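A.B. asks: Quick one: the structure is below, and I'll ask about it shortly.
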Amino acid sequence: MTIVHVLAVSTVSDNSRFWSGLKKAHAALPKGAKWKVAVASRDGAKAINIITHDSIDGVREFFETHAGAYATTEYFEADAANAVGLPR
């Protein structure tokens, strides 16, 4: 099984519900997933989360279940080989 770093880049429509949902998502991480980074812009309109898991689809599924109604999120696999400061 290959583990990938998934970038979840969100445009947030309801800041408090989005982060509340992500706290619930963190408590329900799929087996083998690890949350590496969760950060928002100062105004709360944008958020970036980095989660390791075996697939982008796996991250998308649990992320959307808990916070999808409060943001529009794009998912990407990070280029870990060329990243600077990416948690391992």
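The values are calculated or read from the model by the stated rules, or taken from the named source; none is laboratory data. Computed from a predicted structure; not experimentally measured. Don't worry about glycine lacking a Cβ; one is built from the backbone with ideal geometry, like all the others, and counts go over all protein chains shown. We work out accessible area using only protein heavy atoms, side chains counted, and drop any ligands, DNA or RNA first. Shrake-Rupley method; radii C 1.70, N 1.55, O 1.52, S 1.80 Å.
A.B. asks: Looking only at region 1-15, count every residue that is of a type outside the set (D, E), outside any helix (DSSP H, G or I) and over 13 Å from the mean Cα position of the chain (by Cα) and tell me the total.
C.D. replies: Taking region 1-15 first, the residues of a type outside the set (D, E) are 1-13, 15.
Imposing the further condition that a residue be outside any helix (DSSP H, G or I) reduces the set to 1-13.
Checking which are over 13 Å from the mean Cα position of the chain (by Cα) leaves us with 1-3, 13.
Qualifying residue count, region 1-15: 4.
A.B. asks: If G58 meets every condition in (1) in contact with a strand residue (DSSP E or B) (Cβ under 8 Å, 6 or more places away or on another chain); (2) in a helix (DSSP H, G or I); (3) closer than 19 Å to M1 by Cα apart from one, which number is that one?
C.D. replies: Result: G58 fails condition (1) only.
A.B. asks: May I ask you to verify whether L22 is part of a loop (DSSP other than H, G, I, E, B), touching a residue at least 12 places away in the same chain (Cβ under 8 Å) and aliphatic (A, V, I, L, M)? First the steps, then the outcome.
C.D. replies: Details: part of a loop (DSSP other than H, G, I, E, B): no; touching a residue at least 12 places away in the same chain (Cβ under 8 Å): yes; aliphatic (A, V, I, L, M): yes.
When the stated conditions are applied, L22 does not pass them.
A.B. asks: Going through region 34-54 one residue at a time, which ones are of a type outside the set (V, I, T), out of contact with any Gly (no Cβ under 7 Å at 6 or more places or on another chain) and open to solvent by less than 50 Å² (accessible area, probe 1.4 Å)? Even if it seems obvious, please write down each step before you answer.
C.D. replies: Filtering region 34-54 for residues of a type outside the set (V, I, T) gives 34-36, 38, 40-47, 49, 53-54.
With the extra rule that they be out of contact with any Gly (no Cβ under 7 Å at 6 or more places or on another chain), the set shrinks to 34-36, 38, 40-47, 49.
The answer is W35, A40, S41, G44, A45, A47, N49.
A.B. asks: Given (1) assigned to a strand (DSSP E or B); (2) charged (D, E, K, R); (3) under 9 Å from the mean Cα position of the chain (by Cα), where does E74 come up short, assuming only one miss?
C.D. replies: (3)
A.B. asks: Restricting to region 16-33, and then to whatever is of a type outside the set (K, R) and open to solvent by 70 Å² or more (accessible area, probe 1.4 Å), can you tell me which residue is farthest from the chain's Cα centre (by Cα)?
C.D. replies: By that ranking, first place goes to S16.
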